[in-house]
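Read through the structure below, which is laid out as structure tokens, and then see the notes.
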């Protein structure tokens, strides 16, 4: 797979939700750097760090929860690096098992990770109504080998980047990559804006973007398991456990489904509270996640 470039650090978004879940404000561009997360969330607020592809669903759950909750999002590997560098938070939600396993190995967790949602990798292209005349037709992974196709992927340390590499290698495709983005949502935005012809992203992100469509083909695509855990040193460990339990509940699963996630009981490759397997991504090998 040809590599051209990688883009910069992840940014998060923050909201504060008072009792009864009424949203009172949001601040965009909250930097996920050691020490700065404290500025994003007051000492009285519980802070949830979530993979970007789950941010809308997590905000929805936060709005329906009691108490004041901060939500910051970014690439999963970036979130773990920030915690490893000393950033403080209460809940960590990653977009795969491998990144959560890295957090556990680094001693960053105070609870056993649980699977709260699933999504699958898809090949996204511009919606037919928005396609520019003369742009290359992408109908399968094999079409990504064409030099005429501008393909965007997630950066390799990010779960959707590891999944994309696994899918392309399994299909024997040597793709020509235009750029690498910090997370699935930013990769998808390149297609939505017409800057790229295709992107390999999580299906949950496509569900919220009307300017793109999904290629239906016989290609087998990896499925990922979103994991949640209480962060070691959490200021609000009881509230953190309660928030995770709510994600696992029938009510929480129903809300996650509204945002395009697949039910936890459709996982197939691992039990809901099973042991983290760093090499399993629905049969595709996941890349290791470094914290340096």
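The values are calculated or read from the model by the stated rules, or taken from the named source; none is laboratory data. What you see is a predicted model, and the numbers here were worked out from it, not measured in a lab. Reconstructed Cβ throughout: ideal geometry from the backbone, glycine too, with neighbour counts over all protein chains shown.
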Do we have any residue at all in segment 127-136 that's part of a strand (DSSP E or B) and either under 30 Å from residue 50 (Cα atoms) or in contact with a strand residue (DSSP E or B) (Cβ under 6 Å, 6 or more places away or on another chain) (or both)? no
Being surrounded by fewer than 22 Cβ atoms within 10 Å (Cβ to Cβ) and part of a helix (DSSP H, G or I) is the filter here; which residues of segment 191-209 pass it? 192, 203
Evaluate segment 221-233: report whether one residue or more is assigned to a helix (DSSP H, G or I) and touching a strand residue (DSSP E or B) at 6+ places or on another chain (Cβ under 6 Å). no
Unique match (being modelled with pLDDT of 50 or more, in a strand (DSSP E or B), surrounded by 24 or more Cβ atoms within 10 Å (Cβ to Cβ) and not assigned by TED's automatic domain parsing to the domain that holds residue 178) among 89, 57, 72, 98: 72
A careful count of residues in segment 145-166 that are outside any loop (DSSP other than H, G, I, E, B) and surrounded by fewer than 23 Cβ atoms within 10 Å (Cβ to Cβ) gives 3
